[in-house]
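Here the structure is laid out as structure tokens; the discussion comes afterwards.
Each reported figure results from applying straightforward, stated rules to the coordinates on display, with no laboratory input. Keep in mind that what you see is a predicted model, and the values were worked out from it rather than measured. Note that each Cβ is placed from the backbone with ideal geometry, even for glycine, and that neighbours are counted across all protein chains shown.
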Amino acid sequence: MEDISEFIKKIEFEIDEIESETINPETKFRELEEWSSMMGLIFIALIDTEYDVTVNGDDLINCVTVQDLYNVVKSKIQ
Amino acid sequence: MKRVVYLSSKKRLIYINAISYFFPETSYNNTQIIEDYLKYSSPEDIKDVTEDSIFNQCGIRKRYAAEVEETAKELGNKSAKKFFDEWNVDPSTIDYIIFVSDALDYKGPTTACVMQYDLGLPETCGAIDVLHGCTGYIYGLSLAKALIFSGQCSNVLIVTADTPSKVVHPEDIDLRAIFSDAGATTLVSNQKIDGMLNYEISDFIFGTDGKGEKNLYVDRSATKNAADVKWLQQHEHIPGGLRRGRMYMNSPQIFLFALRKVPVLIEQVLEKNNVKFEEIDYFVLHQANGQMLEFIRKRLKIPEEKFIINIENIGNTVSATIPIALKEMIEKGIELKKGNKILLGGFGIGYSWGATIITV
């Protein structure tokens, strides 16, 4: 799987209002001003289409930081 | 004896000639749906829900609702009457009516039969209902085209109308935010008519996956698990009483379904019609949810100016979204040139999906 910086770029691309490089691996994504339950769905859909991996709601609930989310995706690919 | 197959050397052309639409008088903004929600739930449940957060979830600020006794047929009739006036069409020229809705008046008679009488269509007119939702407009167009292509009739009126507001509980604020009531009427003909749209309809593709049944459905709405007295009594306090059933939607599943299927749908309809992605001038997809459409647009790298999203002050009007969006393009002055290609795609309840391309 590509490294986390590419993963972050893809996330930033989906969040319209966000300045690039606002997000880093330690970012707690639920604390972002733009966060909403729809954003959670968009994350799931993004991961589904980009990495062909299905992350479910429970996976997402267990993630706090962007790094956590990246790790879940990576583990599912392997 | 060998069977002889005659292939027509000349393709028979069939056109979308005119569209009109109708919205009910009553509409609700985001503040009003929050107020209604609070009548059935505690403020604690939605402390983070605001006018703007609803807009950010679905791209909608306003949606319409029919009166309690005003059915989808009534909205359809109103759009058809408006259509006859607006386009100066004589009802006696219509020889087939297709009513597309998930909210038919009866199990029998066919709602379209009643509409023949309501609208003063000729007695020689054929009439059929098509029970479909989000893909309904595509089905209506494909059947109209098939009827004309096979020489059975010349002028088909497609009426797409729905009243999802009647089957949404105010406590389901995410559904209330999205769904909206409206009717639209489209004329499909075997010839171009001066002063009309004359959009040529090309080939269709379809898709169906019934395993999506319970991810978007109207429970207690017909013969399966029919509403009983106990169920109805539970909902007596709600305006309209949910007497026509209650809609359930698994939003994450529907979102993923759309995201997986829409790109394939687009690819297949382009291939079927031998048209390249870049040759499409406008994409008019079922207006399901503004956020979802925007996500699909970005995934497919479709430029904003080619991708129609008109949901903000209308909402998701089920089978009526595509004709309303097409008509609004003209009303907003988007200049369509001869030869422009518009891709139309519907997807949703069923699961069901379908698409075609029209040429200006």
message: Need one number: the % of Cα-Cα pairs in the stretch A:4-77 sitting beyond the 15 Å mark.
response: 49 percent
task: Give me the percent of DSSP beta bridges within the stretch B:1-150 that run antiparallel, rounded to the nearest 5.
output: 45 percent
query: How many nm is it between the label spots at B:GLU312 and B:SER92, if each spot is 7 Å from the Cα in line with the beta carbon?
result: 4.6 nm
field: Diffusion coefficient, µm² s⁻¹, Stokes-Einstein with Kirkwood Rh over alpha-carbon pairs of chain B at 10 °C and 1.306 mPa s
entry: 76 µm²/s
message: If you build the convex hull over the alpha carbons only and average its shadow over all orientations, what do you get for the stretch B:199-359? Give it in nm² to one decimal.
response: 11.0 nm²
- prompt: Among B:VAL318, B:VAL167, B:VAL275, which one moves the most in a GNM of chain B with springs linking Cα atoms closer than 10 Å?
  reply: B:VAL275
message: Give me the percent relative contact order of the stretch B:199-359, please, defined on Cα pairs under 8 angstrom at least 6 residues apart.
response: 37 percent
query: Which whole number gives the average count of other chain Cβ atoms within 10 Å of the Cβ atoms across peptide A:41-52?
result: 4
- request: Take the alpha carbon gyration tensor of the stretch B:150-230, find the square roots of its eigenvalues, order them as a ≥ b ≥ c, and report rounded if a/c is under 1.5; if not, report prolate when a/b exceeds b/c, else oblate.
  value: prolate
- request: If a/c stays under 1.5 just call it rounded; otherwise compare a/b with b/c (prolate if a/b is bigger, oblate if not). Do that for the stretch B:15-189, with a ≥ b ≥ c from the square roots of the Cα gyration tensor eigenvalues.
  value: prolate
- line: Hull volume per residue for the protein assembly as shown, using the convex hull of the C-alpha atoms, in Å³ is 187 Å³
- request: Distance between Cα centroids, the stretch B:96-168 to the stretch A:18-46: provide it in whole Å.
  value: 44 Å
- prompt: Using a Förster distance of 51 Å, how high is the FRET efficiency between B:VAL68 and A:GLU6, based on the Cβ-Cβ distance and rounded to 0.05?
  reply: 0.45
field: Residue-averaged beta-carbon neighbours from other chains (10 angstrom radius) around A:26-36
entry: 1
field: For the stretch B:220-360, size of Cβ-based charge dipole, Lys and Arg +1, Asp and Glu -1, in debye
entry: 460 debye
- line: Unit-weight point scatterers at every alpha-carbon of the stretch B:254-332, Debye formula, q = 0.26 1/Å: log10 I(q)/I(0) is -1.45
statement: Given B:130-137, B:261-268, B:154-161, the highest-first ranking by average Cβ count within 10 Å works out to B:154-161, B:130-137, B:261-268
Longest to shortest principal axis, alpha-carbon extents of the stretch B:52-124, angstrom: 52, 32, 19
field: Spread of Cα-to-Cα distances over 10 Å intervals beginning at zero, given as percent, for the stretch B:183-226
entry: 17, 26, 24, 23, 11, 0
field: Fewest-first ranking of B:SER165, A:SER5, A:SER36, B:SER142, using other Cβ atoms within 10 Å as the exposure measure
entry: A:SER5, A:SER36, B:SER142, B:SER165
- request: Please tell me the relative contact order of chain B in percent, rounded to the nearest whole number, where contacts are Cα pairs under 8 Å and at least six residues apart.
  value: 25 percent
